[in-house]
Amino acid sequence: MNFNRTDSFGRTVDYLRISITDRCNERCLYCLPENYADWLPREEILSYDELLAIVRATTAMGFKRFRVTGGEPLIRAGVVEFIRDLIATPGVESVSLTTNGTRLPQLASALFNAGLRRINISLDALDPTVYRAITNGAVRSVIHGIKLVKELGFDSVKLNTVLMRGRNDGEIFRLLDFAAEHDIAIRFIELMPVSLTEMLSEKNFFPIAELLAQLRQADDPQPLNESFGFGPAKYFRLKKRGVTVGLIGALSDLHFCERCNKMRLTCDGKLRPCLGNHLETDLKPALRPQIEVAHLHELICEMLAQKPSEHLFRNNYQPQRVMTAIGG
Ligand code: SAM
């Protein structure tokens, strides 16, 4: 069967982000509303076998790159074996993981032994009090985890920091120094309206342009042409500090969606062609009671054909699912 993985705007879509759980062991104040308890029932969550059937359906269409995320992927039992099986799936060329890093001290070696070589770790602050105020967690284990993945020799390690005015804008240069010291690229992400929390207000929004102006004052950012990964970040090398910085202007960059190559799979089997759009289709009818490959292909192609030209974040977008449910 011949599939076309080019969307109606000419973009090649070959990257699937797979959320394996909606649960998280942290409660980042920009991600989950306070007292959130709307977790999906266990039977709604796709099994690893179902996830791998979807992966096979997409590789048959030419998808090559996969990211495992959540919720917090490292709190789901069996994640290491799943990643090993994902890496071994024919047609899969790249597997990466996005994690808050809290369970890396226990799992980093096993993940490395399973063949994982690419990892993004969320780190919104280094100061323990600031970190706890944002995530409700302890930064110490995350830092331990980061050092461990560097020692193990992962090929690609990146830090992700969501910028929030008045919350972690005082941490920017400390984070840059930390990244420089450990020779890790760090990406700063604009706050997106992807869940219903108080943090997602204009007041907390910190645009990438303002960060770049600060970097120009304090350092010498040189634009890099090469892309570190497959995402929408614009990369700079800070000459004085000797560190690579990625800027993700999800809202302010008007060209943000032009090279979008992704689809997203929620942990309960909804396929989404765009993070900032409510459009999704349920893949479960093609998975239960038994896996029907042709039906899977049909649903995936339908979503690909409807992939919007750009997200709706700038149009007073009101999320209907929190980001842990969609998968970041
Ligand atoms: N639990 C994992 C983690 O913390 O990396 C994976 C899931 S998390 C939803 C994925 C990424 O999305 C994290 O880097 C997180 O900081 C980011 N994120 C969550 N809510 C966001 C928002 N409102 N705006 C921008 N990024 C957000």
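The values are calculated or read from the model by the stated rules, or taken from the named source; none is laboratory data. Small disclaimer: the values here were computed from a predicted structure and weren't measured. No Cβ is skipped: glycine too gets one built from the backbone with ideal geometry, and neighbour counts run over all protein chains shown. Calculation scope for accessible area: heavy atoms of the full protein, side chains included, ligands and nucleic acids excluded. Shrake-Rupley method; radii C 1.70, N 1.55, O 1.52, S 1.80 Å.
Determine whether Leu116 is within 16 Å of the ligand (Cβ to nearest atom), more than 29 Å from Glu292 (Cβ to Cβ) and not in a helix (DSSP H, G or I).
In short, yes.
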**Q.** Among residues of the range 263-274, those that are in contact (Cβ under 8 Å) with a residue 60 or more places away in the chain and either within 16 Å of Ser47 (Cβ to Cβ) or open to solvent by 20 Å² or more (accessible area, probe 1.4 Å) (or both), counted
**A.** 6
**Q.** Given (1) without any contact (Cβ under 8 Å) to a residue 40 or more places away in the chain; (2) open to solvent by less than 40 Å² (accessible area, probe 1.4 Å); (3) within 18 Å of the chain's Cα centre (by Cα), number of the condition Arg117 does not satisfy
**A.** (2)
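Of the residues Arg67, Arg5, only one is buried (at least 23 other Cβ atoms within 10 Å of the Cβ) and basic (Lys, Arg); which?
Unique residue meeting the criteria: Arg67.
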Q.
Asn225 - would you say it is of a type in the set (S, T, N, Q) and open to solvent by 50 Å² or more (accessible area, probe 1.4 Å)?
A. yes
(Q) Quick check on my filter: what residues within the range 59-91 are touching a Ser or Thr at 6+ places or on another chain (Cβ under 6 Å) and either away from the ligand (no atom under 16 Å from the Cβ) or at positive phi (or both)? (A) Arg65, Gly71, Gly91
Q.
Report every pair of residues separated by at least 6 positions or lying on different chains whose Cβ atoms are under 7 Å apart, first residue within the range 276-289 and under 14 Å from Ile54 (Cβ atoms), second of a type in the set (Asp, Glu).
A. Thr281/Glu302; Ala286/Glu292; Leu287/Glu50
Q | Selection count, the range 185-237, where residues are part of a strand (DSSP E or B) and charged (D, E, K, R) | A | 4
Q. Name the residues in the range 33-87 that are polar (S, T, N, Q) and either modelled with pLDDT under 95 or more than 20 Å from Arg117 (Cβ to Cβ) (or both), would you?
A. Asn35, Ser47, Thr58
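Could you please let me know if Ala53 is of a type in the set (A, V, I, L, M, F, W, C) and open to solvent by 20 Å² or more (accessible area, probe 1.4 Å)?
It is false that Ala53 is of a type in the set (A, V, I, L, M, F, W, C) and open to solvent by 20 Å² or more (accessible area, probe 1.4 Å).
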Q. Is it the case that the range 123-139 has a residue that's small (Gly, Ala, Ser), more than 30 Å from Cys274 (Cβ to Cβ) and open to solvent by less than 40 Å² (accessible area, probe 1.4 Å)?
A. no
Q. Counting only residues that are outside any helix (DSSP H, G or I) and either open to solvent by less than 40 Å² (accessible area, probe 1.4 Å) or hydroxyl-bearing (Ser, Thr, Tyr) (or both), how many does the range 154-178 have?
A. 11
**Q.** Pairs with Cβ under 6 Å, 6+ apart, first in the range 25-40 and closer than 17 Å to Pro193 by Cα, second open to solvent by 40 Å² or more (accessible area, probe 1.4 Å)
**A.** Arg27/Asn136; Pro33/Leu196
Q: Enumerate the pairs (first residue in the range 175-200 and modelled with pLDDT of 95 or more; second residue anywhere and assigned to a helix (DSSP H, G or I) and surrounded by fewer than 19 Cβ atoms within 10 Å (Cβ to Cβ)) with beta-carbon separation below 6 Å, excluding pairs fewer than 6 apart on the same chain, so at least 6 apart or on different chains.
A: His182/Lys150
Q: Could you tell me whether any residue of the range 105-113 is within 14 Å of the ligand (Cβ to nearest atom), among the polar types (S, T, N, Q) and either in contact (Cβ under 8 Å) with a residue 12 or more places away in the chain or in contact with a Gly (Cβ under 7 Å, 6 or more places away or on another chain) (or both)?
A: no
